[in-house]
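For reference, the structure is listed below as structure tokens.
The values are calculated or read from the model by the stated rules, or taken from the named source; none is laboratory data. In this text, all values refer to a predicted model and were calculated from it rather than measured experimentally. Positions of Cβ are generated from backbone atoms using ideal geometry, with glycine treated the same way; all protein chains shown enter the neighbour counts. Please note that ligands, DNA and RNA were not included when accessible areas were found on the heavy atoms of the full protein model with its side chains. Shrake-Rupley method; radii C 1.70, N 1.55, O 1.52, S 1.80 Å.
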Amino acid sequence: MTVQLLTPEGMFQPVPYHHVSIGTGARQVHVAGQIARDGDNGPVATGDLTGQVEQVLRNAARGLAGAGATFADVVRLRFFLTDWGPDTSEKKLGEFMRGIENVTDELGIPRPLPPVSAIGVSYLFEPDVLVEVEAYAVLD
């Protein structure tokens, strides 16, 4: 097993992700920021954060698969979300987490998740893009 996920005693719990991942493989896989676009660059789930989270994770899974990896090999996910701030994050957190939960089984995403960051930004790529994800994996 190339990736060990853990949350050491004394770290904030419960969270839907592990605080630490240890990658013991030799090959690193970096999947560039994925947005809610289909294979023809058509927008997916315009205006729907949950649907866009589902699509960005599906796109990340395709990128991982292209390198011979799966979500079991992921050591970190980094999400960028528009309009994420003190006045909006509580409502959007539910939509965001639903998107992840909706594709967890389909894509073989571990539970709890590998370390995750959700970073609020003012703008991504194009006006309809609500979320972007980067994935980092380690392989033998």
Residue list for segment 69-107, restricted to those being at pLDDT below 95 and in contact with a Lys or Arg (Cβ under 9 Å, 6 or more places away or on another chain): Asp83, Trp84
Filter segment 82-94 down to the residues that are open to solvent by 40 Å² or more (accessible area, probe 1.4 Å) and touching a helix residue (DSSP H, G or I) at 6+ places or on another chain (Cβ under 8 Å) and list them by number. Asp83, Trp84
Condition (residue is touching a residue at least 40 places away in the same chain (Cβ under 8 Å) and out of contact with any Leu (no Cβ under 8 Å at 6 or more places or on another chain)) applied to segment 89-100: is it met by at least one residue? yes
Search segment 13-37 for residues that are without any contact (Cβ under 8 Å) to a residue 40 or more places away in the chain and pair each with any residue that is assigned to a loop (DSSP other than H, G, I, E, B) when their beta-carbon atoms are under 8 Å apart and the residues are at least 6 apart or on different chains. Gln13/Thr7; Arg37/Val44
Search segment 31-49 for residues being open to solvent by 50 Å² or more (accessible area, probe 1.4 Å) and of a type in the set (D, E, K, R), and hand back the single one that is farthest from Lys91 (Cα to Cα). Asp40
For segment 61-81, does any single residue satisfy the condition of being surrounded by 16 or more Cβ atoms within 10 Å (Cβ to Cβ), of a type outside the set (A, V, I, L, M, F, W, C), free of Cβ contacts under 8 Å to residues at least 24 places away in the same chain and not in a strand (DSSP E or B)? no
Of everything in segment 1-12 that's touching a residue at least 24 places away in the same chain (Cβ under 8 Å) and assigned to a loop (DSSP other than H, G, I, E, B), which residue is farthest from Leu64 (Cα to Cα)? Thr7
Across segment 1-18, which residue is farthest from Glu132 (Cα to Cα) among those that are open to solvent by less than 50 Å² (accessible area, probe 1.4 Å) and not hydroxyl-bearing (Ser, Thr, Tyr)? Pro8
Among residues of segment 13-48 being in a strand (DSSP E or B) and more than 23 Å from Gly66 (Cα to Cα), the residue farthest from the chain's Cα centre (by Cα) is Val20
